[in-house]
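The values are calculated or read from the model by the stated rules, or taken from the named source; none is laboratory data. All values derive from a computational prediction rather than experimental measurement. Note: ideal-geometry Cβ built from the backbone for every residue, glycine included; neighbour counts use all protein chains shown. Surface accessibility is based on the protein's heavy atoms, side chains included, excluding ligands, DNA and RNA. Shrake-Rupley method; radii C 1.70, N 1.55, O 1.52, S 1.80 Å.
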Amino acid sequence: MDGGAGEEGKQERHLVLAHKLFLLSHPSVDDLSKVALRAEVLDTVKSDDMATLFESLVAAGVLEGDAALLAEMRGRIDEEIRKLDEKIADAEENLGESEVREAHLAKSLYFIRVGEKEKALEQLKVTEGKTVAVGQKMDLVFHTLQIGFFYMDFDLISKSIDKAKNLFEEGGDWERKNRLKVYEGLYCMATRNFKKAASLFLDSISTFTTYEIFPYDTFIFYTVLTSVITLDRVSLKQKVVDAPEILAVIGKVPHLSEFLNSLYNCQYKSFFVAFSGLTEQIKLDRYLQPHFRYYMREVRTVVYSQFLESYKSVTMEAMATAFGVTVDFIDQELSRFIAAGKLHCKIDKVAGVLETNRPDERNAFYQATIKQGDFLLNRIQKLSRVIDL
């Protein structure tokens, strides 16, 4: 795996493989596409001698067993490791410290290439022990993060991000710091912390160089999706709708421009059309798919709240017309969101009217302050009793 910045548009091949494996397990992908995906997966497994992965895919029924191929791969791995060990021994006997480090790094990268997760992590630790420069140590962390994203090992990713931040306290260049933001943003998005993900992605828009984890248009796709449900209208306009970096790429992602602009411009009918076009992409993304239902709910909360913001009361029919759906659909939708405390309004079913009862923020703050004051006084009273005794 390439721990340095990937070339533009050049995604790390194991992460491409991880996405294909995800699609192979996805019920929405048709059988014909899966036949092609299987062939592509087998090609990558063969060309990188990924014997362990091959065994697990055979066991899972994804690929067909082939004892001769497995033995061949194992043989090549043993031979290559023997050569790498010889190079390490030679470097330790005859060469300097930097050559020893390079020889150990080569072995780490080989274990990554053949998909031996535990051996790769172990060897990266050995290499780290022989590394002095902060920048080179950071590159080892990027290798570890890529392993983490391949296996979706969030514990490993989280620890590696913390480790990278500690390294930056010792020094480290801006280019690597900026790259770490994208890795952390992806981790936040994959663990449903959309607010932090949006903030990290927006910080990285003009400095993006992490082509090894995803192409720039995918990065913009993630940035728009996370921003829409976490930013207020003013911030969305400044940071996303009018951002030149986003405007330059947004047209490459189907439905994304309509999704963002129709929401901002309150064109709700167009928004629902664009949103339904995007759902397939969200479903077929290995980082977003686990949060698909949650994301769908959050987007609808944002759009319904925005619509109701303009009215003290509005008829259900007017709202249904604005969204291009039936009155029954709006009724069911809003009932669910109101019951869950996501929307501040009530439905007058007889009159067919929605009445908003937006909470007054200043009043809510006042009530909260009174409540905390009462709580504090109670605590002081209890404490004074204990002291009197």
How many times 2.2 N^0.38 Å is the alpha carbon radius of gyration of the range 6-82?
-> 1.20
Probe 1.4 Å - accessible area at ARG179, Å² to nearest ten | 10
Amide H neighbours of VAL353 under 5 Å, counting only residues 5+ apart in sequence or on other chains, H built in-plane at 1.01 Å?
-> MET316, ASP348
Out of these labelled values of Cα extents along the principal axes in Å, [x] 75, 48, 43; [y] 85, 73, 44; [z] 83, 56, 38, which was calculated from the coordinates shown here?
-> [y]
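What does the helix-only formula give at 222 nm for the chain: each DSSP H stretch with n ≥ 4 adding -39500 (n - 2.57), the total divided by the residues, and the result rounded to the nearest 500 deg cm²/dmol?
That comes out to -23000 deg cm²/dmol.
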Candidate lysines - alpha carbon under 23 Å from LYS349, same-chain residues fewer than 8 apart omitted = LYS312
Accessible surface of MET316 in the full protein assembly, 1.4 angstrom probe, to the nearest 10 Å²?
-> 10
Hz values of 3J(HN,Hα) by residue in the range 279-291 - Karplus curve (6.51, -1.76, 1.60), Gly and Pro given as x | 4, 5, 5, 5, 4, 9, 9, 5, 8, 8, 3, x, 10
With +1 at each Lys and Arg Cβ and -1 at each Asp and Glu Cβ, the charge dipole magnitude of the chain around its Cα centre, to the nearest 20 debye, comes out at 1920
Please state, to two decimals, what the Cα-based radius of gyration of the range 220-376 comes to when divided by 2.2 N^0.38 Å (N = residues).
-> 1.18
Once the Cα atoms of helix 154-170 and of the chain are each reduced to a long axis, what angle between those two axes, in degrees from 0 to 90 to the nearest 10, is obtained?
-> 80
In whole percent, the fraction of accessible protein surface over the chain that belongs to carbon or sulfur atoms, probe radius 1.4 Å, stands at 53
Exposure of CYS188 as accessible area (Å², to 10), given a probe of 1.4 Å and all protein chains = 10
Most fluctuating residue of SER108, SER98, SER158 in a GNM of the chain with Cα springs under 10 Å: which is it?
-> SER98
Find which of VAL132, GLY61, LEU84 sits farthest along the positive direction of the dipole of the range 9-171, computed with +1 on the beta-carbon of Lys and Arg, -1 on that of Asp and Glu, about the Cα centre.
-> GLY61
When only C-alpha pairs under 8 Å and at least 6 residues apart count, what is the relative contact order of the chain, in percent?
-> 12
Size of electric dipole in the range 240-302: Cβ of Lys, Arg +1 and of Asp, Glu -1, about Cα centre, debye, nearest 20 | 300
From the backbone phi of the range 97-114, what are the Karplus-calculated ³J(HN,Hα) couplings (6.51 cos²θ - 1.76 cosθ + 1.60, θ = phi - 60°) in whole Hz, Gly and Pro given as x?
-> 5, 5, 5, 4, 4, 4, 5, 5, 4, 4, 5, 4, 5, 5, 4, 5, 4, 8
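Find how much the distance from ASN265 to TYR311 grows on full extension, using 0.36 nm per residue of separation minus their present alpha carbon separation; answer in nm with one decimal.
On the way: separation 46, 0.36 × 46 = 16.56 nm, distance 1.65 nm.
Computed gain between ASN265 and TYR311 is 14.9 nm.
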For LEU63, enumerate residues with amide H under 5 Å from its amide H, sequence gap 5+ or separate chain, H modeled in the peptide plane.
-> VAL58
How much length is gained if the chain between GLU169 and VAL134 is pulled fully straight, taking 0.36 nm per residue apart and subtracting their Cα-Cα distance, in nm to one decimal?
-> 11.6 nm
Could you work out which residue, out of PRO290, PRO27, PRO254, moves most in a Gaussian network model of the chain, that is, has the largest mean-square fluctuation with Cα springs under 10 Å?
-> PRO27
Want the number for VAL29 to ASP203: 0.36 nm per residue separation, take away the alpha-carbon distance, what's left?
-> 59.2 nm
Two decimals is fine: what's Rg over Rh for the range 36-78, C-alpha atoms, Kirkwood radius as Rh?
-> 0.94
Taking +1 at the Cβ of each Lys and Arg and -1 at the Cβ of each Asp and Glu, which of ILE387, VAL16, GLN281 sits farthest along the dipole of the chain towards its positive end, judged by Cα position relative to the Cα centre?
-> ILE387
When the scattering of the range 124-200 is computed by the Debye formula from its Cα atoms alone, each counted once and equally, what is log10 I(q)/I(0) at q = 0.13, 0.18, 0.20 Å⁻¹?
-> -0.37, -0.70, -0.85
Rg and Dmax of the range 9-171, Cα atoms only, in Å = 17.8, 57
Set LYS137/LYS252; LYS87/LYS165; LYS196/LYS237 screened for pairs whose C-alpha atoms are more than 27 Å apart | LYS137/LYS252; LYS87/LYS165
Looking only at LEU32, LEU225, LEU53, which one moves most when the chain is put into a Gaussian network model with springs between Cα atoms under 10 Å?
-> LEU32
